[in-house]
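See below for the structure under consideration.
The values are calculated or read from the model by the stated rules, or taken from the named source; none is laboratory data. It should be emphasised that the depicted structure is a prediction, and the values quoted were computed from it without experimental measurement. Cβ sites come from the backbone with ideal geometry, for glycine too, and all protein chains shown count toward neighbours. The area values use the complete protein model at the heavy-atom level, side chains included, leaving out ligands, DNA and RNA. Shrake-Rupley method; radii C 1.70, N 1.55, O 1.52, S 1.80 Å.
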Amino acid sequence: MFSVLSVLGEDLNRTIFGRKHIDNESDKLWLIKTLGLWLSLYLFALAGTIMVLRVTTGKSTPASNNDPVYIKTLNQILTNTIEQAIIFGGLYAALLFNDSTSLKKIGGVKVLALASIFVVGRVAFAIGYILAGITKISTLRVFGFATGFTINALMVSYHLGYNVFNHISQNI
């Protein structure tokens, strides 16, 4: 995965965030604001879609046993994304602001790529979840979920004192 970060990281970062790296405190603040905006817009779109579906189907009162499959699916995507975004947000903010040497240890491109890949993973999770609901092949949502989980696991390991970013870069 980190070969993807190092090879495609700058292009992916530029595509999603309009920048290729972060160098200083103002870049860190900009990144947190931009990432927060992207995640908020994504969550707002999911919640808005659920609301419109509830109104148009006459299922305005949430009752999971009576909801159509597509409303249940979108609710599950929304719930999982909120859970993962809260975990990611806390770990990511601590990575950026808790330790002034994090950017030097990990590298600004890789730190920005973590956010880019997390956002792409959440969208992939939603697409996979919807396709899994249609095809009844539940493994279609695994890629998106595993992407977010892996990013969070990498940051947890870093916060526990193991700089997995350097280890992976040296061994891949």
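Data overview
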item: Pair list, Cβ under 9 Å, 6 or more apart: segment 27-54 residue surrounded by fewer than 15 Cβ atoms within 10 Å (Cβ to Cβ), other residue not in a helix (DSSP H, G or I); result: MET51/SER60
item: Flag for PHE149 being over 20 Å from LYS28 (Cα atoms), out of contact with any Asp or Glu (no Cβ under 6 Å at 6 or more places or on another chain) and open to solvent by 70 Å² or more (accessible area, probe 1.4 Å); result: yes
item: Within segment 106-120, tally of residues that are among the polar types (S, T, N, Q) and at pLDDT below 70; result: 0
item: Boolean, LEU103 is in a helix (DSSP H, G or I), open to solvent by 20 Å² or more (accessible area, probe 1.4 Å) and at pLDDT below 80; result: yes
item: Any chance ILE130 is more than 14 Å from the chain's Cα centre (by Cα), in contact (Cβ under 8 Å) with a residue 40 or more places away in the chain and part of a helix (DSSP H, G or I); result: yes
item: So LEU91, is it among the hydrophobic types (A, V, I, L, M, F, W, C) and either under 20 Å from LYS33 (Cβ atoms) or modelled with pLDDT under 85 (or both); result: yes
item: Filter pass, LEU96 being open to solvent by less than 30 Å² (accessible area, probe 1.4 Å), at pLDDT below 80, more than 16 Å from SER157 (Cβ to Cβ) and not polar (S, T, N, Q); result: yes
